[in-house]
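Contents: one structure, followed by commentary.
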Amino acid sequence: QVQLAESGGGLVQAGGSLRLSCIVSATIRRINDMGWYRQAPGKQRELVATITSGGRTNSADSVKGRFTISRDNAKNTVYLQMDNLKPEDTAVYYCNAEIATMAIPVLMPYWGKGTLVTVSS
């Protein structure tokens, strides 16, 4: 069974920083792309940033220069360093990963349950 567990969310003032972590628990054959998405109240879920297994990154224009995605393949973990946070960054942040397990040896997308980030003005 695959589990993605996010941590690191919380309440922070505008201009502050948070670091989100997401660890994958499973009997893993391979993890391909990993990423972070967010969903603000009343809005659709949107891409924040992604990272390939080789370390290539992509991020939304709204977070470029402020958020940095990274991963530790040995720990099956992806991180999101969020600096200079703004009130409009307030959302539930979800971890996503493409994973092939020993039981299901094909890449499939999996989601975490989300962690709430609240940025006060």
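Points worth noting:
- In region 91-120, the residues that are at pLDDT 95 or above and part of a loop (DSSP other than H, G, I, E, B): Val106, Leu107, Gly112, Lys113, Gly114
- Within region 2-16, being closer than 18 Å to Gly114 by Cα and outside any strand (DSSP E or B) holds for Val2, Gly8, Gly9.
- Selection from region 68-90 of residues that are free of Cβ contacts under 8 Å to residues at least 24 places away in the same chain and either in a strand (DSSP E or B) or within 14 Å of Thr57 (Cα to Cα) (or both): Thr68, Ser70, Asp72
- Count of residues meeting criterion [part of a strand (DSSP E or B), open to solvent by less than 30 Å² (accessible area, probe 1.4 Å) and not aromatic (Phe, Trp, Tyr)] in region 33-58: 6
- Residues within region 93-121 that are open to solvent by 40 Å² or more (accessible area, probe 1.4 Å) and out of contact with any Pro (no Cβ under 8 Å at 6 or more places or on another chain), tallied: 13
- Checklist (1) closer than 20 Å to Ile23 by Cα; (2) touching a strand residue (DSSP E or B) at 6+ places or on another chain (Cβ under 8 Å) applied to Ala40, failing item: (1)
- Meets criteria (crowded, with 17+ Cβ neighbours inside 10 Å, within 15 Å of the chain's Cα centre (by Cα) and more than 17 Å from Ala40 (Cβ to Cβ)) for Tyr79: yes
- Candidate set from region 10-32 (those that are surrounded by 19 or more Cβ atoms within 10 Å (Cβ to Cβ) and modelled with pLDDT of 95 or more); member that is farthest from the chain's Cα centre (by Cα): Ile31
- All conditions but one from (1) at pLDDT 95 or above; (2) more than 15 Å from the chain's Cα centre (by Cα); (3) among the hydroxyl-bearing types (Ser, Thr, Tyr) apply to Ser7; the one that does not is (2).
The values are calculated or read from the model by the stated rules, or taken from the named source; none is laboratory data. As the structure is a prediction and not an experimental result, all values here were calculated from the model. Quick reminder, even Gly has a Cβ in these numbers, built from the backbone with ideal geometry, and neighbours come from all protein chains shown. With ligands, DNA and RNA removed, areas are computed over all heavy atoms of the protein, side chains included. Shrake-Rupley method; radii C 1.70, N 1.55, O 1.52, S 1.80 Å.
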